[in-house]
Amino acid sequence: MNDDQETQAAAPAENRTGYSGPALATESKAHSMFSPSRIWALTMHTFTQMVRMRVFYFLLFFSAAIILVAFMFLRFTPEQELKLLKDVSLGAMSLFAGIFAIAGTALLIPKDLEDRTLYTILCKPVPRFEYLLGKLLGMLVLIFVSMLFMDALFCTVVGVREKILVKETADAYDQELAKFPERGQNESWKEQREEALAAITNYGLRWDLQAAVWAIFLKASVMTAVTLLVSTFATTTLFTIISSIAVFIIGHGQHLGRSYFLSGAPEGGFERPLAGVIAIIFPDFHLYDIVDAVVSGEAVATTLLLQMSGMTCLYLLIYTAAASFVFSNKEL
Amino acid sequence: MNDTPDAPAVEIEHLTKVFRVPSLRKQTVLAVNDLSLTVGRGEVYGLIGPNGSGKSTTMKVLLGLLHATTGKCSIFGRDSSQVDSRKDVGFLPENPYFYKHLTASETLDFYGRICGLTKAERRDQSARLLKLVDLEHATDRRLAGYSKGMLQRIGLAQALVQNPRLVVLDEPTAGVDPSGSRQIRDLILALKEQGISIILSSHLLEQVQEVCDRVGIIYKGDLVREGKLEDLISIEDQTEIILKNASPALLEKVRALAAGDSTEVISIGRPRTTLERLFLEETQ
Amino acid sequence: MSRHTRNLLIAFVILISFGYGRMYLEEPMAKDMVAKHYWPDTMSMETRDKVGQLGMTAALGGFRSLVASIMAVQAFTHWDAGRFDQAIAQYWVIVQLQPRAFFNWFQGMQYSAYDKTHSFKFPEDEKQRADWVRKYNEAVAEGADFMLGAAKYLPDDYRIYGQLGMLHAQKFIPEDWCKAAEYYRMAAACPDTKPYYHRFSGYALAECPGKEQEAYDLLRATYDDNIRFGSVISYLNKLEEKLNIPQADRIPERSKIK
């Protein structure tokens, strides 16, 4: 490979300029133990790395899936069609965000270790927690950007489908009216018409959908932090992925253990302590499950979103702190 | 800053590193045993030894990637387990791969960023270092398409990005062909001229011989010999004379002179070129 | 103890303390979410349903809604091919997955009480007729069961009682006007209800033996509120006759509907 360049590179050393570095600002500056710009550099690097690993090809599958579902013309009721579209879209978003969070994050550190790039980074004046934080934020930016894309497409498709369904339904009523003009005088017929149209809008594009998308992002963020934590002590990528998936699944049932533990069920036996252990170890992913309610047309309170976001920050903070402790003295 | 002006570039004191082997019986492996060495400012120090002798472990402890079981390392007087000691260090690991998805200039930009260089500094350093390691023609190519020698050179540029005062090179020419190897050697010499301290490990004696001021020989975790290169390799009681266009008669005279002076002639013949030199002549 | 082991212990302690502490943040949040209907209220359920709901939440993670939709598509395929029993069976699972989505229950009811009943060919032979009626009524009753199931999760949804009223007024053989009237009345009492359920309960009462006076009072009040649709007038005409309302008190309009 590159024979000519190699030969060129073998030109006599005498022709080459010697090493004479200019004075750099960093040489005079004291080293700071925390540098947002360093973290941002690591963040954007992780993001670029994932992007150039062609992870965004996944998004094409997403696009194809929701466009297919949106226009496959099942003879469903309009509400059902819209529900199906939202379920598939939000489900696919959850799935992609989850896959990115687990598979992507699980690969990051082992890959750096295997390629020895970790050495070159940690041999620069980069504290290990900054390296971890950079990886975490890089994944979060990746998930955020991909969800932004999916969300934009999703909203467009739902909006268009809703408009089409409203028009179709209104046309059907108008045709009926043309055939039976006396129905124009019938109040309950008119009410039915309004109700049918309102049902479609109710299942159409609403702000609450954005709350569901945000909840999916928050859940994926916690999953990213969990996976990063696992990968700091795991010895293989496979172990990281399998454990993280297990955490993901158990995390959705964690609230059962917690409720049981806090319910003050009679002492004795091992059930209650076991429930407590599950509640303590695993994160509560069920807290983020508002997709169902949103798809069924339930409104989402702003306070709930704030609480959810706050809990997520807490999870990220604690898990990243734990990960830094594990990683800070790890032998590489 | 606790950088003391007269502290040596590297000081390793009684370093011992024991690895635990993950198994039921608590087995251990002694990788480095009570190793002490000092690298002066501006000195080029070669750590030589067979594979698995403890060279890389010593370097990793020096760079804070591993923790010393006992003993300590310092870089310009600063404890090397502290992050700030790495401000002055550039490291080229053995067989580095780097991020294949980045181009050469992106690579240098990234390492410059994490070293806290400003945008203008990164741009200047990138241009200067790519010229230095002779990769200007491949600036915008992704590293995935780089040859081994090119990777090694971008690795060296990366190590130099923040103008470190100490450069640590682990097997810098492993797997590189002789021309690439020679190029790296020239770069090391250029760094030396600038007063940069260098510590390099290798199992190729010939290469170490060409660039190092002092050499330490490490074997099974022990530093078995250490000293100035000429002291280590010169054979005290032998002298080599190289003549050009010598006639057989002249050679006979030399032989006779030597015999008269109770000197033994060990060999007379045409000097052999090194394999490396031969390769270069043939390929140019 | 090595530094790494020490740090692992610190990390472990951090995680345990956080795990313990956050229980007291997350539990009230979870309770609030149940109260605001983001999730079904498992506390008020029967044990069997409770176990089912909790189990599914844990097993399907965040993908309940998606699984429900996929099952709905499968049910649709069954329906399209005339396999109503399979479609209905699918819907019994779907409603467990998303018990707060009315139209899942509604769709199950439709498949059962309307589509399945339509598929039964009316027998020419009179001897088979009793059997036909039994099968027909069973299917309608299963449809009603969907609505009764929905009422457990959505007790304030007028649509449920409206549909139940309609099943009893129009689908069961013979009609049960008294029950229909009761369901329409419940629909009319729900929040955000539609005004027509009040009248509908009046129409149904008119057909319920012994409730004629009640029906008359209700429909007359409707009429006096200036709601004077054809059906209101025709039922009032009939009830005035039946109840021998004095001519002076009768409404002046005469319905063309007989």
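One residue alone among A:A246, A:A225, A:A279 is more than 30 Å from B:A68 (Cβ to Cβ) and free of Cβ contacts under 8 Å to residues at least 24 places away in the same chain, and that residue is A:A246.
Residue count for region A:168-207 under the criterion of being surrounded by fewer than 16 Cβ atoms within 10 Å (Cβ to Cβ), within 30 Å of A:V300 (Cβ to Cβ) and not acidic (D, E): the result is 6. Within the option set B:G175, B:G180, B:G155, being small (G, A, S) and more than 8 Å from chain A (Cβ to nearest Cβ) holds for one residue only, B:G175.
Residues that are surrounded by fewer than 13 Cβ atoms within 10 Å (Cβ to Cβ) and facing another protein chain (nearest Cβ under 8 Å) within region C:8-22 comprise just one, C:Y20. Could you check region B:190-212 and list, in sequence order, the residues that are closer than 21 Å to B:P8 by Cβ and either outside any strand (DSSP E or B) or not assigned by TED's automatic domain parsing to the domain that holds B:H14 (or both)? Scanning region B:190-212 gives B:L191, B:K192, B:E193, B:Q194, B:G195, B:I196, B:V208, B:V211, B:C212.
Condition check: within 30 Å of B:V18 (Cα to Cα), modelled with pLDDT under 90 and among the small types (G, A, S). Does A:S259 satisfy that? The answer is no for A:S259. In region C:32-147, counting only helices (runs of 4 or more DSSP H) that sit wholly within it, the ones holding 1 or more residues that are modelled with pLDDT of 90 or more, in contact with a Lys or Arg (Cβ under 9 Å, 6 or more places away or on another chain) and surrounded by fewer than 19 Cβ atoms within 10 Å (Cβ to Cβ) span C:84-97. Reported count of residues in region A:151-191, each being touching an Asp or Glu at 6+ places or on another chain (Cβ under 9 Å) and either acidic (D, E) or outside any helix (DSSP H, G or I) (or both), is 0. Selection of region B:114-133 for residues being in a helix (DSSP H, G or I), at the interface with another protein chain (Cβ under 9 Å from one of its Cβ atoms) and buried (at least 22 other Cβ atoms within 10 Å of the Cβ) yields B:I114, B:Q125, B:L129, B:L132. Scanning region B:193-250 for residues that are modelled with pLDDT of 75 or more and among the charged types (D, E, K, R) yields a count of 10. Please determine, by comparing only the residues of region A:266-285 that are assigned to a loop (DSSP other than H, G, I, E, B) and away from chain C (no Cβ under 14 Å), which one is nearest to B:P22 (Cα to Cα). Of everything passing the filter in region A:266-285, A:F270 is nearest to B:P22 (Cα to Cα). Against the test of being of a type outside the set (F, W, Y) and either part of a loop (DSSP other than H, G, I, E, B) or in contact (Cβ under 8 Å) with a residue 60 or more places away in the chain (or both), the options A:G251, A:G204 yield a single qualifying residue, A:G204.
A residue that is surrounded by 22 or more Cβ atoms within 10 Å (Cβ to Cβ), polar (S, T, N, Q) and within 20 Å of the chain's Cα centre (by Cα) can be found somewhere in region B:32-53. Counting only helices (runs of 4 or more DSSP H) that fall entirely inside region C:150-258 and contain at least 1 residues that are surrounded by fewer than 17 Cβ atoms within 10 Å (Cβ to Cβ), the qualifying elements are C:177-189, C:212-224, C:230-242.
Of all residues in region C:64-83, those that are within 20 Å of A:A70 (Cα to Cα) have Cβ atoms under 7 Å from Cβ atoms of residues that are among the hydroxyl-bearing types (S, T, Y) and buried (at least 16 other Cβ atoms within 10 Å of the Cβ), 6 or more apart or on another chain, in C:A75/C:Y91. Of the residues making up region A:294-311, those that are more than 15 Å from C:P28 (Cα to Cα), assigned to a helix (DSSP H, G or I) and among the aliphatic types (A, V, I, L, M) are A:V294, A:V295. In the set (1) facing chain A (nearest Cβ under 8 Å); (2) not in a helix (DSSP H, G or I), the condition left unmet by B:K72 is number (1).
Restricting attention to region B:86-97, the residues being surrounded by 20 or more Cβ atoms within 10 Å (Cβ to Cβ) and either more than 8 Å from every other protein chain (Cβ to nearest Cβ) or under 19 Å from the mean Cα position of the chain (by Cα) (or both) number 8. Cβ-Cβ contacts under 8 Å between residues 6 or more apart (or on different chains), taken from a first residue in region A:105-122 that is at the interface with chain B (Cβ under 8 Å from one of its Cβ atoms) to a second residue that is assigned to a helix (DSSP H, G or I) and small (G, A, S), are listed as A:T120/B:G155; A:T120/B:A159. In this entry, B:V215 is excluded by the filter for residues that are in the same structural domain as B:G49 (by TED's automatic domain parsing), farther than 23 Å from B:L129 by Cα and assigned to a helix (DSSP H, G or I). So, of the residues in region A:286-332 that are among the hydroxyl-bearing types (S, T, Y) and over 22 Å from A:L209 (Cβ atoms), which turns out to be nearest to the other protein chains (Cβ to nearest Cβ)? Across region A:286-332, the extreme among qualifying residues is A:S328. Flag: B:L35 matches the condition of being in a strand (DSSP E or B), modelled with pLDDT of 90 or more and not polar (S, T, N, Q).
The values are calculated or read from the model by the stated rules, or taken from the named source; none is laboratory data. In this text, all values refer to a predicted model and were calculated from it rather than measured experimentally. For neighbour counting, all protein chains shown are included, and Cβ atoms are generated from backbone atoms with ideal geometry for every residue, glycine included.
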